[in-house]
Amino acid sequence: MKLKLLVLGLLAGTMAHAQPVYNWAKSFGSTGDENVNKIATDAAGNVYVIGSFSGTVDFDPSPVAQTLDGGSEAIFIGKYDASGNLAWVKSINGTNGGYAITADAAGNVYASGRFSGTVDFDPGPLAYPLTSSTIYDDVFVSKLDVSGNFVWARAMGGPGFDVTESIAVDASGNVYTTGSYESNQGDFDPGPVEQLITGGRTFISKLDASGNYVWAASLGAETAYSIAVDASNNVYTTGYFSSATADFDPGPGTYNLPYTSNSDMFISKLDASGNFVWAKGMGGTGNDGGDALALDASNNIYIGGGFEDQFDFDPGTGVTTLRSEGADDIFISKFDDSGNLLWVKSMGNTHEGEITDLAVDGLGNVYTMGYFYGTVDFDPGSGTHELVSAGNTGDIVVSKFDPSGNYVWAYQLGNDTDDEVYWNIAVKGADDVLVTGTFYNTVDFDPGAGVNELTSEGDGDVVIAHVVPITLPLTLLQFQAVNNAKAVQLSWQTTQEENTASFSIERSANGKDFTTIGSVPAANTALKNNYAFPDDQPLTGTGFYRLKMIDRNGRFNYSATVTVRRNENGVALLLSPNPVKDVLYVQAKGSESATVQIADVNGRILQQQKVSLNGNTSFSISVQSLPAGSYYLIVKGKETKQVQQFLKQ
């Protein structure tokens, strides 16, 4: 068969309830069953996937076939460039499964999973066989170079069933894996020296860039599903535990977590040497656990998964209890670097749902993959954004939340076949998102009004989809709000308008919940266009305004938010002229000594002087030395603070 090519893309994540469009999607499969278990990306935007297949499959979307024969069971490791073109694909044949993949800054690829018996881990012409310690599965970790050539492979485990769930690599190329080992004892030194870990069911392993043993640790949890490493090589894991005696200190000490019932969620932090730093436990009356974990640039920890019944998400002395509406509800949570809860959000209905994977961009926005049944509101705030699964079966949901947990967007993928499979997600940048999973029958991968369907050839095919931010066909040069005696005057300037329909003016009292107060049709020309709209009934106090720019296809984007502050008697400050070239004339209310400041949009104070206010006081300020741009005039006394934005030409 051939990979089927179509184009996917997603609207910018600053849009709430925006209709996504797409960039590209590619699928591969055969008459058999193919599964993908993880996706990763590197700094160059290349895409890596790992999974399993059988029989003969063509992994190349171009007219040139690139087939691999997996026999009855094989692992595939594939690399695609930023445009989705196949760079290379390798297979490891035998009794095995590939579950985790990542890449380092140089483009080396690290994979991990399970195997039993003797398996050749060199996908090239040479052989590098590894043999499991018993008839049961052991863990493997392998490394390929940037071109997919074999570098090394290692085996670890004990006499029982062992499996890797997640992998990470640090800046030095050290490799970290986590998962479970069944026999409460395992040798996790792949070299000739035996290094046994005991006393738990969860392992954490660290190998160096050459595949040599550094350390291994055992936790008393049932398993860890996800691992991440920060810039200092501290190691974070999450999963679930089911005993009050579970020991989360892999050293000579003991650290038990409070246990409620059934299974509870844990977060663990070890230092770069594998020593215990802290562990946190959370639970309730049902089966709970962390399925996916990611870090932001400040080492805040994001965890997603599913929970039953009542669940207290605060591992400290506080109580933050949520109750599921059905068998399982979706949750996404954020903790600081010390494991303290920052926020948690949940979504669900009388059916079930779960987060299966998540990723964080450089701005701290969090993107999730999961599944749901029935009708679910994916906006956990005051708004509503309901999705309905097709045919009373499970559908896939992709969603985005900002660093404070506020809803940004969500869309679904699926059909009337049960799509409850573990899809995965990776992020290149803000709204530059890759998703992968296994789909069945015919699925429309266009989350918008269009129809772009793929049809699986067999029991299940693999799809990789790339969604990206969309720039509307116009350039917003400026947007400002200016107080006058009776209204707030909103004005904006655009250029290069193409297929632009209109502008909606939205206002908010808190900066989060916006309502539309007016609309202006677009000129729809490539020239500079000037627009104005008066808010004749402005809010008292601080008002927030933003511009919603809408094209003729219904797509839209938002401007940055601007603020205006008015006192109870109307305008707080009168500035003229605005925009200004040389001298700004100010009229301010009040009866006190005040400081007058000019600040830039980043809050830096550029000019400052004293003024005595006596009722309505008029004065002037020279702004001739300021570069062209947007600024704030601040009049600050002991009793009042008045702020107004102005534009320097």
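Quick note: the coordinates plus some simple rules give every number you see, no bench work behind them. Here the structure is a predicted model, which means the values were calculated and not measured. In this analysis, Cβ positions are derived from the backbone assuming ideal geometry, glycine residues included, and neighbour counts consider all displayed protein chains.
What pairs from 589/648; 26/548; 486/528; 280/345; 26/280 go past 30 Å between their alpha carbons?
Over 30 Å Cα-Cα: 26/548; 26/280.
Relative contact order for region 475-566: what is it in percent, counting Cα pairs under 8 Å that are at least 6 residues apart?
32
Can you pull out the GluC sites (Glu not before Pro) in region 162-206 that DSSP calls coil and that have at most 10 other Cβ atoms within 10 Å?
In loop regions of region 162-206 (DSSP not H, G, I, E or B), the sparsely surrounded GluC sites (Glu not before Pro) are 194.
Along the charge dipole of the chain, which of 192, 101, 605 sits closest to the positive end, that is, farthest toward it, with unit charges on the beta carbon of Lys, Arg, Asp and Glu (+1, +1, -1, -1)?
605
May I ask you to compute the full-extension gain from residue 404 to residue 126, defined as 0.36 nm times their residue separation minus their alpha-carbon distance, rounded to one decimal in nm?
Gain on extension, residue 404 to residue 126, equals 94.9 nm.
Scan region 321-391 for trypsin sites (Lys or Arg not before Pro) in coil per DSSP, keeping those whose Cβ has at most 12 other Cβ atoms within 10 Å, and list them by number.
Qualifying residues, ordered by number: none.
Give, rounded to the nearest 20 debye, the magnitude of the charge dipole that the chain has about its Cα centre when Lys and Arg contribute +1 at Cβ and Asp and Glu contribute -1 at Cβ.
So the magnitude is around 3800 debye.
Report the charge-dipole magnitude of region 268-323 in Debye, nearest 20, computed about the Cα centre from +1 at each Lys and Arg Cβ and -1 at each Asp and Glu Cβ.
Taking the Cα centre of region 268-323 as origin, the dipole is about 140 debye.
Of 256, 481, 133, which is farthest along the charge dipole of the chain in the positive direction, counting Lys and Arg as +1 and Asp and Glu as -1 at C-beta?
481
Go through 564, 514, 554 and say which Cα lies farthest out towards the positive end of the charge dipole of region 475-566; charges sit on Cβ, +1 for Lys and Arg, -1 for Asp and Glu.
564
Got the relative contact order for the chain handy, in percent, Cα pairs under 8 Å and 6 or more residues apart?
Across the chain, relative contact order equals 9 percent.
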